[in-house]
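Nothing in this text is a laboratory measurement; each read-out follows from the coordinates by a stated rule. On a predicted model such as this, the values are computed, not experimentally measured, just so you know. Cβ sites come from the backbone with ideal geometry, for glycine too, and all protein chains shown count toward neighbours.
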């Protein structure tokens with residue numbers, strides 16, 4: 001209940017959806033997107049109109065759910081197999097890879113059977129999808145590299161050690177939030193920051209007479225905030241990829 005960052009984020013999303021209001025950099029980004037979108041529609045409107053697949057079966061929601069479900073359902077199956085019957089010991093990377101490949105095969109069979117895409121168009125669209133992942137994949141590799149270097153250098157522990165002894169009691173909650181945010185921003189991981197900052201926050205709260213729940217909430221909120229704003233965070237990278245947004249602009 002004291003994880004104010006998460007609650008505030010949810011409330012903000014609800015506010016933006018209901019009100020449609022935006023300001024600052026977000027407003028500028030929306031105006032820029034609308035301008036670019038209008039120019040693209042004017043320049044390529046006829047070309048895009050010719051490339052649209054006009055087929056009665058295109059309007060079915062099954063075209064969306066069948067590939068997604070086949071991909072998602074294959075992941076736990078491979079986790080079970082690679083883990084010798086234990087999901088926790090399964091290979092996550094192999095499971096995701098197998099899920100994507102299985103979903104691709106199912107998609108090919110589904111769209112061919114319904115006459116929506118021929119072989120040439122299917123592989124053309126598949127190539128475009130894979131090509132769009134190259135940039136994000138490169139960022140992910142570099143992000144994992146930076147995270148590994150930060151872990152090897154004990155960046156989180158160092159930040160905590162030089163700041164934990166100089167926190168005034170009246171600003172303890174705010175400082176825990178700030179330190180957790182900086183640590184998560186630098187390392188690109190919220191869970192690693194949880195493991196470091198929650199014990200520090202609880203011990204500090206007990207020593208100066210503050211409810212540990214406040215300190216836990218501050219540590220979690222700061223970690224999530226830093227993770228959301230870190231350019232090397234896998235969550236931020238996947239979010240920018242899923243929305244087809246430039247990664248730096250998303251951050």
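Expressed as a fraction of 2.2 N^0.38 Å, the rule-of-thumb size for a compact globular protein of N residues, what is the C-alpha radius of gyration of the range 62-125? All intermediate terms of the calculation are to be shown ahead of the outcome.
Details: Rg = 13.7 Å, N = 64, 2.2 N^0.38 = 10.7 Å.
After normalising by residue count via 2.2 N^0.38 Å, the value is 1.29.
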Problem - Potential lengthening between residue 142 and residue 36 on full extension [0.36 nm per residue; Cα-Cα distance subtracted] - result: 35.2 nm
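I need the peptides 65-73, 168-176, 183-191 ranked by packing, meaning the mean over residues of other C-beta atoms within 10 angstrom, with the highest value on top.
On the way: 65-73: 14.8, 168-176: 16.7, 183-191: 22.1.
In descending order of packing, they fall as 183-191, 168-176, 65-73.
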Problem - Cα-only Debye scattering, the range 133-250: base-10 log of I(q)/I(0) at q = 0.14 Å⁻¹ - result: -0.57
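I need the peptides 223-236, 196-209, 89-102 ranked by packing, meaning the mean over residues of other C-beta atoms within 10 angstrom, with the highest value on top. Could the numbers behind the result be given before it?
Numbers: 223-236: 20.7, 196-209: 18.0, 89-102: 15.0.
Per-residue mean Cβ counts within 10 Å order the peptides as 223-236, 196-209, 89-102.
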Fill in the blank from the handout: Rounded to whole angstrom, the alpha-carbon centroid of the range 174-210 lies from that of the range 100-114 at a distance of 46
